[in-house]
Amino acid sequence: MTTFTARQFARLRDTLAEIDARLAEIARDVDAAQLESPFATHRADITPLHRQLVAEDVARLREAMRAALARHGVVQLPPEASATEAARESLNRAIVAVEGLGPRHWHDGEVLSDEGEGELNRIVSQLLDGLLRIDGHLADDDEPPVRPDTATAATTTLAARLENLAELIDAHRFHHLKAPLDALRARVAADDFEIAVFGRTNAGKSSLINALLGQDILPAGSLPATAVPVRLVHGETPRGTVRFADVGPQDFPLDDPDRLAEFATERHNPHNARHVTRLALEIPAPLLAGGVTLVDMPGLEAGLPSDDISACDLGIVAIDATGDLSLDEFPLIDVLQREGSAVAVVLTKADLLDFKDRWAVHGFVSRMLKARGGEDWEEWPVHLASTRAGSDVELCNEWIVRGVEPRLAERAALRATSLRVKLERLERRVDKAISAQESTQKPTQKPMLPQHPAPAARNVLALIEAARRQRIEPAAEAARQAAALIREVAHNAAVVWAKAGDEATIDATLLIRTSLEAHAAGVARDATRELLKLRAELSSVLVGRGETAGIVLPRPEAPPAFPAPDPWPAAILEAPPLVFLGQRWIRRCWRRTLVRAGIQTLAAEAMRPYFEQVEDWRQRMLDALSLRAAEGQ
């Protein structure tokens with residue numbers, strides 16, 4: 001094609017590259033994470049819907065530029081540098097920077113006050129926790145693939161196609177496609193029909209699930225913990241299981257609603273301070289016994305949870321009929337539809353509107369969804385709903401009878417369609433990635449990574465040797481943690497007692513057990529953080545020397561789990577005399593009571609053998625890092 005001269009080709013390519021750079025700036029300027037940065041330079045005055053539309057338009061423009069370049073023979077070589085590896089290197093640099101903020105690294109001649117040192121320690125701990133969570137997300141997943149248990153021909157075919165995709169993804173090192181592959185594997189392996197309920201906070205999602213189950217299981221009217229879906233599956237005995245990012249799982253009974261609220265509500269778990277990653281409830285409900293799993297999703301304010309969207313076969317989208325009707329839910333509905341999931345749109349709290357207004361809202365939402373969807377939009381019916389008993393019998397039943405039950409009747413077909421569409425979308429992504437890779441083959445070059453001064457390997461080796469000498473002394477550490485446990489339990493018991501009103505006694509058994517597990521896990525978590533910081537230092541050394549393999553140094557294996565004593569002796573605290581002296585006096589009295597009851601001694605005895613295991617594990621991990629650092633000298 002001779003439309004352009006060589007010079008004109010160069011100008012076309014350079015101008016489009018400049019436009020793409022400007023598009024990247026636009027995307028960054030409206031990015032929610034960027035606008036929420038403590039160092040943001042712009043006001044967050046763009047709505048989530050407009051942000052989504054801008055992102056879609058940027059993608060279309062880039063596709064148009066890509067097509068124009070291909071049409072005129074201007075072929076852009078695909079990038080060779082791995083985004084995951086570059087992200088790991090940036091993360092390692094951030095970990096090293098945070099570690100340098102610790103009080104022991106302040107050598108500017110100024111003496112930190114006790115308050116200043118404590119505040120720095122809090123800041124460092126908070127930042128490291130977040131960075132190490134990111135490190136876990138970027139870690140390679142070496143677990144064996146999930147294998148389907150069913151023997152149906154359709155499932156076997158899906159499983160075979162998935163295994164073929166897995167081989168292609170591994171062979172071509174498409175790390176960004178491993179997460180959707182694993183999510184789809186899990187869905188194929190599961191023999192259930194998954195219904196996820198989405199919506200904004202306080203849109204009535206939990207109430208809809210309670211109505212489907214015919215019993216009040218989920219706390220309604222409270223803010224959910226950040227990005228923590230609650231899964232409901234069938235079980236003969238009601239119970240819950242909670243998993244954390246930093247400690248082992250816990251089971252809890254469902255006869256006490258406060259236990260579920262302890263993990264699932266913003267009031268008891270603000271900003272997910274307990275690091276809950278998964279909540280599963282087993283319920284003996286007829287609906288769940290039929291092979292249905294219900295998922296109560298967090299509010300859409302937390303963003304679109306892509307992994308959970310790709311998992312569900314039916315998405316129930318709750319829209320508050322009394323709200324502002326800005327239809328921020330539309331991007332979610334669009335994603336569900338493209339992922340092959342069936343959709344049911346439910347207008348909640350319709351009983352709060354009179355007959356004329358509720359149908360006016362119904363018509364408005366129906367028209368707006370169709371208008372925003374365009375010609376290819378598959379129109380889903382919109383249902384009015386109420387979950388308040390006795391408010392409006394027709395509204396309480398209509399959305400279930402017409403919106404949910406027909407889909408349950410055809411759930412096998414809907415599940416098959418959902419899995420097929422998801423698999424086809426993933427296959428197209430893999431094919432597109434392979435085509436892009438094969439279209440422009442060239443000799444392998446080393447990825448261009450950010451350059452920065454790296455400490456010498458011998459310096460990292462010295463840090464590792466220093467860490468090896470600073471051993472965890474199990475007896476001393478157990479005594480220190482047990483003393484802190486007593487102070488913590490006395491404080492928490494005093495707070496509970498103050499809220500209980502006329503209650504004269506407090507059963508502190510659960511408080512003691514929870515605090516014991518938290519203190520034991522805290523020591524293991526600190527040791528893990530120490531190892532990961534040393535790993536980051538070593539990785540920076542290897543990257544600085546051009547050894548890109550340093551970025552993917554193996555993560556330390558998980559520390560041993562704490563075997564909490566079971567059962568734990570009951571600890572009943574009675575209101576001390578002179579309670580009018582206030583909380584400080586009550587805490588002091590209860591600390592003495594707990595010590596006299598032998599709780600501190602029992603806690604120390606329970607933690608001491610565990611800390612011995614943690615120290616043995618820590619020394620093994622330090623040996624592995626030391627060996628790698630010695631090789632890098």
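Taken over segment 567-620, residues that are closer than 15 Å to ALA520 by Cβ and not in a helix (DSSP H, G or I) amount to 1.
Among residues of segment 438-484 being modelled with pLDDT under 85 and acidic (Asp, Glu), the one that is surrounded by the fewest Cβ atoms within 10 Å (Cβ to Cβ) is GLU438.
What number goes with the only condition from (1) at pLDDT 85 or above; (2) closer than 15 Å to LEU510 by Cα that PRO569 does not pass? With (1) at pLDDT 85 or above; (2) closer than 15 Å to LEU510 by Cα applied to PRO569, the lone miss is (1).
Taking each residue of segment 55-68 that is in contact (Cβ under 8 Å) with a residue 40 or more places away in the chain and looking for partners that are among the acidic types (Asp, Glu) and part of a helix (DSSP H, G or I) with beta-carbon atoms closer than 7 Å, six or more apart or interchain, yields ARG62/ASP20; MET65/ASP20. Here segment 237-272 is the region considered, the condition is being touching a Leu at 6+ places or on another chain (Cβ under 8 Å) and among the small types (Gly, Ala, Ser), and the residue that is modelled with the highest pLDDT is GLY240. On the given criteria, is ALA597 over 38 Å from the mean Cα position of the chain (by Cα), surrounded by 14 or more Cβ atoms within 10 Å (Cβ to Cβ) and among the small types (Gly, Ala, Ser)? Taking the combined requirement at face value, the residue satisfies it.
Residues of segment 344-361 that are buried (at least 16 other Cβ atoms within 10 Å of the Cβ) and out of contact with any helix residue (DSSP H, G or I) (no Cβ under 8 Å at 6 or more places or on another chain): LYS349 alone. Can you confirm whether segment 218-228 contains a residue that is in contact with a Phe, Trp or Tyr (Cβ under 9 Å, 6 or more places away or on another chain), under 30 Å from HIS519 (Cα atoms) and either at pLDDT below 85 or not aromatic (Phe, Trp, Tyr) (or both)? Yes.
Of the residues in segment 64-76, at least one is at pLDDT 75 or above and closer than 30 Å to LEU369 by Cβ. Inclusion of ALA564 among residues that are surrounded by 12 or more Cβ atoms within 10 Å (Cβ to Cβ), at pLDDT below 80, of a type in the set (Gly, Ala, Ser) and closer than 20 Å to ARG480 by Cα is warranted. Set side by side, the residues ALA171, ALA211, ALA159, ALA196 differ, and just one is assigned by TED's automatic domain parsing to the domain that holds PRO270, at pLDDT 70 or above and more than 24 Å from the chain's Cα centre (by Cα), which is ALA211. Do we find that ILE46 is more than 24 Å from the chain's Cα centre (by Cα), at pLDDT 75 or above, of a type in the set (Val, Ile, Thr) and not in a helix (DSSP H, G or I) in this structure? In short, yes. For segment 267-292, a tally of residues being part of a strand (DSSP E or B) and either surrounded by fewer than 20 Cβ atoms within 10 Å (Cβ to Cβ) or within 19 Å of the chain's Cα centre (by Cα) (or both) returns 7.
The values are calculated or read from the model by the stated rules, or taken from the named source; none is laboratory data. Fair warning: this is a prediction, and the values are worked out from it, not measured in the lab. Counting neighbours? That spans all protein chains shown, and the Cβs are built from the backbone with ideal geometry, glycine included.
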